[in-house]
1. Do me a favour and compute the ellipsoid semi-axes for region 1-68 from its Cα gyration tensor, root of five times each eigenvalue, largest one first, whole Å.
2. Net charge near R165, counting Lys/Arg +1 and Asp/Glu -1 over other residues with Cβ under 13 Å of its Cβ?
3. Which residue, chosen from V50, I60, G39, occupies the Cα position most advanced towards the positive end of the dipole of region 18-65, where the dipole is computed from +1 (Lys, Arg) and -1 (Asp, Glu) charges on Cβ about the Cα centre?
4. Say R0 is 22 Å: what FRET efficiency, to the nearest 0.05, do S136 and Q52 get from their beta-carbon distance?
5. With the full set of protein chains in place, find how many percent of the accessible area of region 76-158 is carbon and sulfur; take the probe as 1.4 Å.
6. Tell me, what is the per residue accessible area of the chain in Å², probe radius 1.4 Å?
7. Output needed for region 42-122: three equivalent-ellipsoid semi-axes, defined as square roots of 5 times the C-alpha gyration tensor eigenvalues, in descending order, whole Å.
8. If we count every other residue with Cβ under 15 angstrom of I29's Cβ, Lys/Arg +1 and Asp/Glu -1, where does the sum land?
Amino acid sequence: METLQAIAIRKSTRSFKNEQISENILDNILKAGMAAPVGSGQYDSLHLTVIQNEQLLNNIGDKVTELVQKMTGKEMNKNFGAPTMIVVSAKTGHMPGIEYANAACVLENMALAATDMGIANIIWGGATAVISQDESLRSNLEIPEGFNPVLCASFGYGITEEDAREHIITVNRI
């Protein structure tokens, strides 16, 4: 698949089959993330945590569902059922917000590589919010001291095949 095609067809998937991706695919997704640009080349300011433990994933999903209900008053199931989640944690950057830009670059590379290999995915932040607030989750996930979960992505095989929607962002040309 060509890069522009992967970009055009990549979409957020919110419902996954209970089928694990292969180690080879996971390794390629991780390699793509590690090839991402990172501010000032500070790759040591990032840490990746791969979660494939079904019990932990369900626990995180349930806690995100509870958090969303508290924040919005709406019941929304935020356990997407993906068998693999990758959490990007970061040290506070030397520039305000750089850790979010770095995490987004890493995860977008991963999402595009996954799309290229036929793996559905979603980049999201709800899981990192609950991991940040729950010391036992942080401990179970072995998030290193000095690192904070920033963003994550979930990967697997989507239950339904939907076409990617066209997105329009206002452009100002000067």
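The values are calculated or read from the model by the stated rules, or taken from the named source; none is laboratory data. Remember, it's a predicted structure, so these values are computed and weren't measured experimentally. Cβ placement follows ideal geometry from the backbone for every residue including glycine, while neighbour counts extend to all protein chains displayed. Protein only, heavy atoms only, side chains kept; ligands, DNA and RNA dropped before computing areas. Shrake-Rupley method; radii C 1.70, N 1.55, O 1.52, S 1.80 Å.
1. On the way: eigenvalues 124, 73, 43 Å².
Value: 25, 19, 15 Å, ordered largest first.
2. Numbers: positive: R10, K11; negative: E162, D163, E166.
Within the 13 Å Cβ shell, the charges total -1.
3. Of the candidates, G39 comes out farthest on the positive side.
4. Approximately 0.70, to the nearest 0.05.
5. Answer for region 76-158 is 52 percent, counting heavy atoms of protein chains only.
6. For the chain, the solvent-accessible area averages 59 Å² per residue.
7. Working through the eigenvalues yields semi-axes of 24, 18, 12 Å.
8. Details: positive: R10, K31; negative: E23, D27, E108, D116.
Net of charged neighbours comes to -2.
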